[in-house]
Amino acid sequence: MPETLAAAPPLEPLDALVARIPDGAKIALPPDYSYCAMAATAALIRRGARDLHLVGVPTGGFHADWLIGAGAVAKVEAAAMSLGEYGLPPRFVEAYKAQQLRMIDSTCPAIQAGLQAAEKGLPFIPLRGILGSDLLRYRPDWHVIANPMAPADASPDPTYGVVDPIVVLPAIKPDVALFHAPKADRFGNVWIGVRRELMLMAHAARATYVTVEEVVDGDLLRDDATASGTIPALYVSALSEVPLGAAPLGLPGSYGPDRAALQAYVHAAKTADGFAAWAEEHLHALMPALMPALMPE
């Protein structure tokens, strides 16, 4: 089997990678328990990004809250906003209450389905499980239609007035997918292991920017041990090698979260002044040390 022949995506410094993301971009971000590009998030804040539309795949967490606190976000589309064991995202809660951003409510299956539609080049996709949900009242872009494959003699549903009702959702086509990964090879193939939401994001987005712990020799697609968990370089627009790039959240399988640092953020970010002081200390250096010491996972 020949080595990968496609041109490798550029490998560049972190600030150059982040400079590719324009203001107003729709950015797909993974959940906190996945592979999050926290160093890239910090670089976006240092750059002064504005008017971003964040898509949580399927939820938003710490990196979304950082960006919201920095005034970089106009819209959030997600099934939930949560910091897990640390509670609600404080800057999101305050911004939402102050009507400083628009929250586009969704569900986990709806986020995944919308991205799958974009992945397949479809303008919309059907999903039945939303029927009966109050979300249909708040999402005018979600439509209930009759199942065109229903039996000809089927009777209309009394609630929706159509035969065998089903919801159709518009495709979610991010401008950018942004995440961190354990490694890439010199051809630009990126190993993500079991994190299949990252594969979906890369397929659906117009551009995919990835920070990685390391760039390794060889071809990840040629090794049976890594091929099934590797995003081909075809779907990767640019790379940056950023050791500890997921800190302070940690990188499953590589290093764990800095729980003290995460708790300190939540405490500081309860107020706008507290967030500003935290950001000045942790985000505004040229290459901030987000985790001075990592605990092995």
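The values are calculated or read from the model by the stated rules, or taken from the named source; none is laboratory data. Please read all numbers here as calculations on a predicted model, not as lab measurements. Cβ sites come from the backbone with ideal geometry, for glycine too, and all protein chains shown count toward neighbours. Please note that ligands, DNA and RNA were not included when accessible areas were found on the heavy atoms of the full protein model with its side chains. Shrake-Rupley method; radii C 1.70, N 1.55, O 1.52, S 1.80 Å.
Annotation note: Cβ proximity below 8 Å between a residue of the stretch 199-215 that is of a type in the set (D, E, K, R) and a residue that is at pLDDT below 95 and not in a strand (DSSP E or B) (sequence gap 6+ or interchain) occurs for Glu213/Ser254.
Being among the basic types (Lys, Arg), within 15 Å of the chain's Cα centre (by Cα) and farther than 17 Å from Met38 by Cβ is true of Lys75. Screening Leu29, Leu14, Leu44 for residues that are without any contact (Cβ under 8 Å) to a residue 60 or more places away in the chain and under 25 Å from Lys183 (Cβ atoms) leaves exactly one candidate, Leu44. Has the stretch 262-272 got at least one residue that is farther than 19 Å from Gly84 by Cβ, touching a strand residue (DSSP E or B) at 6+ places or on another chain (Cβ under 9 Å), open to solvent by 40 Å² or more (accessible area, probe 1.4 Å) and modelled with pLDDT of 95 or more? No, there is no match, as no residue in the stretch 262-272 is farther than 19 Å from Gly84 by Cβ, touching a strand residue (DSSP E or B) at 6+ places or on another chain (Cβ under 9 Å), open to solvent by 40 Å² or more (accessible area, probe 1.4 Å) and modelled with pLDDT of 95 or more. Hey, does the stretch 141-160 have a residue that's at pLDDT 95 or above, more than 22 Å from Gly24 (Cα to Cα) and within 24 Å of the chain's Cα centre (by Cα)? Taking every residue of the stretch 141-160 in turn, at least one turns out to be at pLDDT 95 or above, more than 22 Å from Gly24 (Cα to Cα) and within 24 Å of the chain's Cα centre (by Cα).
Of the numbered criteria (1) without any contact (Cβ under 8 Å) to a residue 40 or more places away in the chain; (2) out of contact with any Phe, Trp or Tyr (no Cβ under 6 Å at 6 or more places or on another chain), the one Pro126 fails is (1). For the stretch 223-260, name all the residues that are under 18 Å from the mean Cα position of the chain (by Cα), among the hydroxyl-bearing types (Ser, Thr, Tyr) and open to solvent by 10 Å² or more (accessible area, probe 1.4 Å). Within the stretch 223-260, Tyr235, Ser237 qualify.
Checked against the criterion of being modelled with pLDDT of 95 or more and closer than 28 Å to Glu214 by Cα, the candidates Gly56, Gly24, Gly69, Gly84 yield just one match: Gly56.
Residues in the stretch 120-140 that are of a type in the set (D, E, K, R) and open to solvent by 50 Å² or more (accessible area, probe 1.4 Å): Lys120, Arg128, Asp134, Arg137. Taking the stretch 17-76 as the range and being in contact with a Lys or Arg (Cβ under 7 Å, 6 or more places away or on another chain), under 19 Å from Leu251 (Cβ atoms) and open to solvent by 10 Å² or more (accessible area, probe 1.4 Å) as the test, only Tyr35 passes. Please tell me if Val73 is touching a residue at least 24 places away in the same chain (Cβ under 8 Å) and either of a type in the set (A, V, I, L, M, F, W, C) or under 17 Å from Ser237 (Cα atoms) (or both). Yes; evaluated as a whole, the condition is true for this residue.
Apart from one condition, Leu88 fits all of (1) buried (at least 17 other Cβ atoms within 10 Å of the Cβ); (2) free of Cβ contacts under 8 Å to residues at least 12 places away in the same chain; the exception is (1).
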